[in-house]
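> Below: one structure in structure tokens.
The values are calculated or read from the model by the stated rules, or taken from the named source; none is laboratory data. Only a predicted model underlies this, so the values are computations on that prediction, with no experimental measurement involved. Cβ coordinates were reconstructed from backbone atoms using ideal geometry, including for glycine residues, and neighbour counts include every protein chain displayed. Ligands, DNA and RNA are excluded from the accessible area calculation, which covers all protein heavy atoms including side chains. Shrake-Rupley method; radii C 1.70, N 1.55, O 1.52, S 1.80 Å.
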Amino acid sequence: MKFLKSIVTILVAIYIVATGYLYFFQDGMIFPAPDDQIGIEADENFVQIGVQTPDGEKLFALHHPSQKNEATIIVFHGNGDAAIHQKSRGLKLIKAGFGVLLAEYRGYPGSTGTASEVGLFTDALAFYDYIIEQRPQKIGLYGHSLGSGVSTYLASERDVFALVLEGPFDALAAVAADRYPLIPVWQLIKHKFQSDIYIKDLDAKILIMHGDLDTTVPIKHGRRLLEAAPKGTNFVEIIGGRHSDLEKFGSEEKAVDFFKQALN
């Protein structure tokens, strides 16, 4: 009996430590910003800009301004990525006749501040409003992984003509809860990113793409988001695709075609 009590005590201690670790270190786990140094000079495709947020942060972005009668696509990247790595994606959109803004979150390379769910939502609104201030125009959103949560929220708050989501989740907390089933994640996590709520009443045309071999955000979360989305939402299961390699299977070309069709 004494041995059994010792085992139980050890297990309880491990549980408490694991729970405490997830709670206190969740910011670093959810927002693992890379240490990339911003060194990209303006070129014929993109210029560096700084966007001010209402709460005093200055956000980095690469911008290819739209021409008259062109729409702009705002690109929101995943949690371990950076805006400066999205140029190839942006170039495909530019060649298709779109203006492009490669957005960077607070706390990430080139931007001030510290990342949080509320902070990233504030950033998204600031980027959208910046584009509209330049010239009234149609805006589409392209989000990967964490960027899908940011994009879906923004689409619920501003008028967008199309929303493309790669490797999205129904809620970030739901993904974490699946990964740590014995821990009360929903009560502990501060950054829930509940896209399944924000997507429900969207008027935009929506495309969801998900790899069937995605182990970071399993495809069941993309399907759950589809179930919450308005009727008519497009869903593409990419056979052989994982979480961060969907461009190898033509996801970017599919996105470009979808944006072009959504304008018609």
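Yes/no per residue for (1) open to solvent by less than 60 Å² (accessible area, probe 1.4 Å); (2) at pLDDT below 95; (3) out of contact with any Gly (no Cβ under 7 Å at 6 or more places or on another chain); (4) under 14 Å from R106 (Cα atoms):
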position	(1), (2), (3), (4)
V17	no, yes, yes, no
N45	yes, yes, yes, no
P65	no, no, no, no
V75	yes, no, no, no
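> So which residues in region 197-215 are farther than 17 Å from R158 by Cα, open to solvent by 30 Å² or more (accessible area, probe 1.4 Å) and of a type outside the set (V, I, T)?
Taking region 197-215 first, the residues farther than 17 Å from R158 by Cα are 207-215.
Next cut, open to solvent by 30 Å² or more (accessible area, probe 1.4 Å) only: 212-213, 215.
Result: D212, L213.
> Among the numbered conditions (1) outside any helix (DSSP H, G or I); (2) open to solvent by less than 40 Å² (accessible area, probe 1.4 Å), tell me where G222 comes up short.
So G222 meets the others, but not (1).
> For region 197-216, name all the residues that are of a type in the set (A, V, I, L, M, F, W, C) and either in a strand (DSSP E or B) or more than 17 Å from Y142 (Cα to Cα) (or both). Even if it seems obvious, please write down each step before you answer.
Taking region 197-216 as the starting set, the residues that turn out to be of a type in the set (A, V, I, L, M, F, W, C) are 197, 199, 202, 204, 206-209, 213.
Across region 197-216, the qualifying residues are I197, I206, L207, I208, M209, L213.
> If the Cβ limit is 8 Å and pairs must be 6+ apart or interchain, which residue in region 214-233 that is touching a residue at least 60 places away in the same chain (Cβ under 8 Å) pairs with which residue that is open to solvent by 60 Å² or more (accessible area, probe 1.4 Å)?
T216/R242; T216/S244
> Residues being under 17 Å from I49 (Cβ atoms) and surrounded by fewer than 16 Cβ atoms within 10 Å (Cβ to Cβ): count how many of those fall in region 94-122.
Qualifying residue count for the region: 1.
> Also, quick follow-up: Exactly one of these conditions fails for A115: (1) out of contact with any Lys or Arg (no Cβ under 8 Å at 6 or more places or on another chain); (2) closer than 21 Å to A173 by Cα. Give me its number.
(1)
> Continuing with this model, one more query. So for region 163-174 (the condition being without any contact (Cβ under 8 Å) to a residue 40 or more places away in the chain and either open to solvent by 30 Å² or more (accessible area, probe 1.4 Å) or not hydrophobic (A, V, I, L, M, F, W, C) (or both)), does at least one residue qualify?
no
> What tally of residues in region 138-162 results from selecting those that are open to solvent by 30 Å² or more (accessible area, probe 1.4 Å) and assigned to a helix (DSSP H, G or I)?
Summing the residues that are open to solvent by 30 Å² or more (accessible area, probe 1.4 Å) and assigned to a helix (DSSP H, G or I) in region 138-162 gives 3.
> Of all residues in region 88-111, which are within 13 Å of Y142 (Cα to Cα) and not in a loop (DSSP other than H, G, I, E, B)?
Within region 88-111, R89, G90, K92, L93, G99, V100, L101, L102, A103 meet the criteria.
> So, one more: Does region 246-259 contain at least one residue that is among the β-branched types (V, I, T), assigned to a helix (DSSP H, G or I), out of contact with any Ser or Thr (no Cβ under 7 Å at 6 or more places or on another chain) and crowded, with 17+ Cβ neighbours inside 10 Å?
From region 246-259, those among the β-branched types (V, I, T) are 256; that's our starting set.
So of that shortlist, the ones also assigned to a helix (DSSP H, G or I) come out as 256.
Filter again for out of contact with any Ser or Thr (no Cβ under 7 Å at 6 or more places or on another chain), leaving 256.
Narrowing further to those that are crowded, with 17+ Cβ neighbours inside 10 Å: 256.
Yes, there is a match, as at least one residue in region 246-259 is among the β-branched types (V, I, T), assigned to a helix (DSSP H, G or I), out of contact with any Ser or Thr (no Cβ under 7 Å at 6 or more places or on another chain) and crowded, with 17+ Cβ neighbours inside 10 Å.
> Among the candidates L91, L125, single out the residue that is open to solvent by 20 Å² or more (accessible area, probe 1.4 Å), more than 12 Å from the chain's Cα centre (by Cα), within 16 Å of R158 (Cα to Cα) and in contact (Cβ under 8 Å) with a residue 24 or more places away in the chain.
Details: L91 fails: within 16 Å of R158 (Cα to Cα).
Just one listed residue meets the conditions, L125.
> I'd like to know if region 128-137 contains one or more residues that are surrounded by fewer than 19 Cβ atoms within 10 Å (Cβ to Cβ) and within 24 Å of A82 (Cβ to Cβ).
Narrowing region 128-137 to residues surrounded by fewer than 19 Cβ atoms within 10 Å (Cβ to Cβ): 129, 132-137.
Filter once more, keeping what is within 24 Å of A82 (Cβ to Cβ): 129, 134.
Taking every residue of region 128-137 in turn, at least one turns out to be surrounded by fewer than 19 Cβ atoms within 10 Å (Cβ to Cβ) and within 24 Å of A82 (Cβ to Cβ).
> May I ask you to list the residues in region 182-196 that are surrounded by fewer than 22 Cβ atoms within 10 Å (Cβ to Cβ) and not in a loop (DSSP other than H, G, I, E, B)?
Answer for region 182-196, where residues must be surrounded by fewer than 22 Cβ atoms within 10 Å (Cβ to Cβ) and not in a loop (DSSP other than H, G, I, E, B): W186, Q187, L188, D196.
> Separate question: Select, from G50, G119, G56, G78, the only residue that is among the small types (G, A, S) and in contact with a helix residue (DSSP H, G or I) (Cβ under 9 Å, 6 or more places away or on another chain). Steps first, answer last, please.
Working: G50 fails: in contact with a helix residue (DSSP H, G or I) (Cβ under 9 Å, 6 or more places away or on another chain); G119 fails: in contact with a helix residue (DSSP H, G or I) (Cβ under 9 Å, 6 or more places away or on another chain); G56 fails: in contact with a helix residue (DSSP H, G or I) (Cβ under 9 Å, 6 or more places away or on another chain).
Just a single option satisfies the conditions, and that option is G78.
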